[in-house]
Amino acid sequence: MKEFLLVYRADYKTMPKGSPEEMQAITQRWMNWVAGIAAQGKLADRGNRLMSSGQVLKSDGLVSDGPYTEIKESILGYSLVKATSMDEATALADGCPILSFGGNVEIREINAL
Amino acid sequence: MQQDELIPHLFRREYSKIIAVLYHSYKLKNLEIAEDIASETFLKATEVWGIKGVPDNPTAWLYTVAKNKVRDYFKHNAVSEKQLKEVAKQNGFETEKDVEFSNQNIADSQLAMIFSVCDPDNPAESQVCLALQILCGFSVEEIANAFLTNIETIKKRLYRARINLRNGNFNIGALSKTQIEARLNSVLKTVYLLFNEGYFSKTNNRMIRKELCSEALRLGAILTENVLTNMPSTNALLALMCFQSSRLNARTNEEGEAILFEDQDRRLWDDELIQKGNHYLINAYYGDEVSKYHLEATIAYWHTTPANKNKWQHILQLYNQLILIEYSPVTALNRAFAFARVYGSEKAITEAEKLKLNNNTQYLSLLGYLYSTVDVGKSISYYQQAIALTKSQMEIHTLTKEIKKLTKEKSQH
């Protein structure tokens with residue numbers, strides 16, 4: 001089994017901001033999806049969400065602030081899955097709730113050190 | 001109670017107590033010595049009671065005989081009084097006093113014994129066997145019956161587990177808080193396995209199953225009675241076992257056939273155990289800890305509640321959390337069932353087929369069940385595959401009944 005990083009990207013502006021009930025329904029969708037991968041024994045690490053603010057350090061020592069909310073494809077979170085091939089890993093990403101908010105999932109094989 | 005029933009009953013209950021108290025009071029070199037003394041005590045009881053009848057207080061009688069046998073043991077083994085006193089003193093024990101069979105000492109010794117026996121180095125199956133023998137007073141034959149295996153296999157398992165017990169040198173007297181905390185997880189796991197062995201037992205013998213479950217409950221209760229082991233996860237495990245046990249009478253019929261949850265006669269549920277379960281579950285949620293026992297207990301709690309709009313959504317979300325903590329095929333299958341309850345069979349089939357547990361009977365019969373309202377042909381085919389795979393006569397019987405029902409429905413359309 002190889003490991004793959006799933007990177008969730010989307011535009012913060014298109015992310016739903018609804019009532020607590022709607023937000024709870026979205027959390028349930030995420031839980032259903034990620035638990036569905038775990039149920040296949042293929043979740044290596046549930047990963048995390050990322051805060052929307054951050055900084056970038058550049059080679060000239062310059063530090064620039066976020067906010068990443070301005071970027072169309074900001075990284076919202078990540079997970080690690082186990083699969084035998086890139087195709088299988090991509091199939092696991094299918095059904096990820098981010099896709100229904102106009103976002104995407106980038107799938108990258110881990111090149112272990 | 002008839003005498004021929006009384007002795008096995010007492011044996012089961014008192015054997016492990018006597019062993020625990022002797023072993024821990026005297027720091028006996030070998031557990032076997034404590035076991036021999038306990039066995040001789042019961043042998044004497046069988047002889048004497050057979051002639052003179054059962055004494056008024058059989059338990060006290062047993063304790064007195066056990067105490068005398070201990071004294072004899074030390075005499076016969078030429079342990080000088082001085083030596084004995086020396087050993088005893090080192091361990092903070094006074095030989096002038098007899099072995100004390102007070103409730104407190106019994107409880108403390110049993111707790112210590114639980115911790116000695118639940119050694120994480122033992123494989124799970126040996127662990128449960130050892131617990132059954134030493135903590136619950138089961139005979140090798142009874143253990144073999146519970147596991148549907150032969151006596152030799154059980155003997156081998158016990159032999160290996162006992163080597164670890166001896167090498168472990170687990171010092172009960174110095175049972176520190178940190179040691180307890182470090183080992184509590186493996187203790188809880190053993191109790192959990194013991195309970196499951198009864199609850200999902202391969203044997204059709206209802207008596208054995210019930211006894212395994214009630215022994216696990218008893219051990220769990222001992223753990224909640226001591227401040228050091230009365231942790232949220234201990235309470236969660238006990239709550240889980242209470243909720244599950246409350247349905248023991250309803251989940252199989254007289255012939256030992258499994259009855260699906262939705263077909264169970266709720267009047268057969270044990271309300272007292274449900275109340276106990278609620279009590280322990282509330283205790284379990286003091287603090288922030290959410291162990292797998294918390295999740296399983298909360299799922300079991302939801303099962304005791306009447307149907308409501310969000311029940312299965314709650315259950316599904318709990319299974320989601322559970323599978324994220326620890327993968328197991330059983331959890332994956334239960335989760336798929338809950339998924340069907342929330343989103344319907346068709347969506348659940350897609351979810352379930354991803355599991356690809358083709359060598360798992362439960363997987364095949366779950367698909368059979370899910371397809372029964374979607375595609376009868378496929379449903380029957382999955383049930384047939386499950387029948388071909390299982391070794392359980394009871395399961396074959398139940399699944400064959402399902403197929404007959406489906407075939408009949410099919411021909412009526």
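The values are calculated or read from the model by the stated rules, or taken from the named source; none is laboratory data. Fair warning: this is a prediction, and the values are worked out from it, not measured in the lab. Cβ: placed from backbone, ideal geometry, glycine included. Neighbour counts: every protein chain shown.
Structural remarks
- All positions within the range B:248-282 that are over 30 Å from B:LYS401 (Cα atoms) and within 21 Å of the chain's Cα centre (by Cα): B:ASP271, B:GLU272, B:LEU273, B:ILE274, B:GLN275, B:LYS276, B:GLY277, B:ASN278, B:HIS279, B:TYR280, B:LEU281
- Candidates A:VAL81, A:VAL105, A:VAL7, A:VAL34, filtered to the one that is in a strand (DSSP E or B), surrounded by 15 or more Cβ atoms within 10 Å (Cβ to Cβ) and within 14 Å of chain B (Cβ to nearest Cβ): A:VAL81
- Residues in the range B:335-356 that are touching a residue at least 24 places away in the same chain (Cβ under 8 Å), part of a helix (DSSP H, G or I) and either at the interface with chain A (Cβ under 8 Å from one of its Cβ atoms) or not β-branched (Val, Ile, Thr) (or both): B:ALA336, B:PHE337, B:ALA338, B:ALA340, B:ARG341, B:SER345, B:GLU346.
- Test result for B:PHE243, in the same structural domain as B:PHE138 (by TED's automatic domain parsing) and surrounded by 24 or more Cβ atoms within 10 Å (Cβ to Cβ): no
- Checking each residue in the range B:320-351 for being buried (at least 18 other Cβ atoms within 10 Å of the Cβ) and of a type in the set (Asp, Glu) picks out only B:GLU351.
- Set A:LEU76, A:LEU50: member being in contact (Cβ under 8 Å) with a residue 60 or more places away in the chain, hydrophobic (A, V, I, L, M, F, W, C) and under 21 Å from A:MET15 (Cβ atoms): A:LEU76
- Selection status of B:LEU316, assigned to a helix (DSSP H, G or I), within 14 Å of chain A (Cβ to nearest Cβ) and under 19 Å from A:TRP33 (Cα atoms): yes
- Checking each residue in the range B:212-249 for being over 18 Å from B:ASN278 (Cβ atoms) and among the small types (Gly, Ala, Ser) picks out B:SER214, B:ALA216.
- Scan of the range B:302-316 for residues that are of a type outside the set (S, T, N, Q) and within 19 Å of B:ALA332 (Cα to Cα), ordered by number: B:TRP302, B:HIS303, B:LYS311, B:TRP312, B:HIS314, B:ILE315, B:LEU316
- Selection status of B:TYR327, of a type in the set (Phe, Trp, Tyr), more than 10 Å from chain A (Cβ to nearest Cβ) and closer than 28 Å to B:LEU148 by Cβ: no
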